[in-house]
Amino acid sequence: MRIPSGIDGLDELIEGGLLSNRVYLISGSPGAGKTTFGLQFLVQGAKMNEIGLYITLLDSPHNIIEDFSSYSFDLNAYLQQNKILFADVGPRLDYGYMDELNSIFSVGNGSNNFETESDAPSPASVFKEIETYVTQYNVTRLVIDSLSAMRFTKSDRIVEEKEISRFIRQLKRLGCTTVLLSELSGQDSYKTEQYAAHGVIILHSFLRDDELVRAFQIVKMRGTRHPCTLMELKFSDNGLKIHHNKISSRKTN
Ligand SMILES: Nc1ncnc2c1ncn2[C@@H]1O[C@H](COP(=O)(O)OP(=O)(O)OP(=O)(O)O)[C@@H](O)[C@H]1O
Ligand SMILES: [Mg+2]
């Protein structure tokens with residue numbers, strides 16, 4: 001079944017929408033729009049009465065919610081209706097945000113046992129928490145922000161690849177549609193997560209004639225005919241919008 005992504009201009013490029021119960025990797029450089037993509041995906045689900053869960057490992061839910069208050073989509077309304085849930089599974093210890101957001105339903109009991117604040121959570125511990133929330137709250141749309149903030153065994157490439165593949169395989173069995181966010185580094189090397197995911201989208205930002213240009217590219221979308229070209233990506237008060245004109249990363253002169 002295809003479901004609307006919530007990203008203006010995307011569904012018409014991918015035969016009507018994302019295939020449900022699959023895992024999509026959204027990769028991008030800092031500030032490229034990864035969090036915005038994830039939230040728009042959950043807002044779309046909430047509009048259709050689905051329950052969405054935003055798993056954050058980097059930033060506090062409070063900061064994310066505050067940052068998105070300037071957009072036209074009414075995130076707070078969906079939070080109050082318990083259609084969008086946030087779970088903080090990162091290593092930070094600032095769980096006091098619950099007091100400030102007393103009208104906002106937020107999962108996450110702050111019981112993570114990390115040795116120090118800087119310890120990143122392991123994929124196994126993150127998955128365990130996700131699985132509990134997904135089952136308990138009947139979550140159908142899931143966003144994980146981000147894969148890059150998890151503690152994989154970086155010292156051994158083969159072990160790291162196995163861990164990433166196992167994590168994505170487990171997500172595929174959860175029964176919800178997952179948007180997995182990741183940092184983009186080294187565009188020339190294809191990463192394990194790109195092979196393992198059902199679909200891969202890259203949010204590019206690059207300098208052209210001293211100006212920062214944003215672009216969108218579908219690298220892979222299993223079972224779907226799609227363009228692979230770079231397309232213009234813009235932010236507006238309604239969030240991310242894909243313009244279907246092709247753009248080039250080359251300098252204009
Ligand atoms: N209301 C708005 N209207 C237009 N653009 C905005 C608005 N709010 C934020 N932005 C743009 O969105 C960018 C941040 O987007 P987002 O947080 O989704 O990126 P990200 O890829 O998740 O970043 P990070 O790597 O820091 O996690 C800002 O740098 C700004 O350029
Ligand atoms: Mg982000």
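The values are calculated or read from the model by the stated rules, or taken from the named source; none is laboratory data. Since the model is a prediction, treat every value here as computed from it, not as a measurement. For neighbour counting, all protein chains shown are included, and Cβ atoms are generated from backbone atoms with ideal geometry for every residue, glycine included. We work out accessible area using only protein heavy atoms, side chains counted, and drop any ligands, DNA or RNA first. Shrake-Rupley method; radii C 1.70, N 1.55, O 1.52, S 1.80 Å.
At a probe radius of 1.4 angstrom, the accessible area of the chain per residue rounds to 48 square angstrom. Using the rule -39500 (n - 2.57) for each DSSP H run of four or more residues, divided by the residues of the chain, the 222 nm mean residue ellipticity is -7500 deg cm²/dmol.
Within the chain, the proportion of C-alpha pairs whose separation exceeds 28 Å stands at 31%. Note on the range 156-253: dipole from Cβ charges, positive end direction compared against Tyr195, Phe206, Phe216; the farthest Cα belongs to Tyr195.
Provide the FRET efficiency to the nearest 0.05 for the Tyr190-Ser122 pair, computing r from the beta carbons and using R0 = 30 Å. Can you show the working numbers first?
Numbers: r = 24 Å, r/R0 = 0.80.
For Tyr190 and Ser122, the calculated efficiency is 0.80.
One decimal place: the segment Ser249-Leu212 gains 12.3 nm when fully extended, by the rule 0.36 nm per residue minus the C-alpha distance. Were the residues from Asn49 through Val159 laid out at 0.36 nm apart, the gain over their Cα-Cα distance would be 35.6 nm.
For the chain, the tally of Lys pairs with Cα-Cα distances below 20 Å comes to 19, considering only residues 8 or more apart or on different chains. Would you mind getting me the FRET efficiency between Gln136 and Arg173? Use the beta-carbon distance for r and R0 = 25 Å, nearest 0.05. That pair, Gln136 with Arg173, gives E of 0.90.
If the chain linking Glu66 and Asn21 were pulled fully straight, counting 0.36 nm for each residue of separation and taking away their Cα-Cα distance, it would gain 13.3 nm.
Could you tell me what % of all Cα pairs in the range 160-253 have separations over 19 Å? Let's see the in-between values first.
Working: 2261 of 4371 pairs.
Percentage above 19 Å: 52.
An oblate overall shape is assigned to the range 20-78, the ratio a/c of its alpha-carbon gyration tensor axes (a ≥ b ≥ c) being 1.5 or greater and a/b not exceeding b/c. Take every Cα pair under 8 Å whose residues are at least 6 apart in sequence, average their separation, divide by the length of the chain, and the relative contact order is 27 percent. Using a simple spin-label model with pseudo-atoms 7 Å out from Cα toward Cβ, Lys234 and Asp74 lie 2.6 nm apart. Take each peptide in 20-28, 229-237, count the other Cβ atoms within 10 Å of every residue, and average; sorted highest first, the result is 20-28, 229-237. Solvent-accessible area assigned to carbon and sulfur over the chain amounts to 47 percent, based on a 1.4 Å probe.
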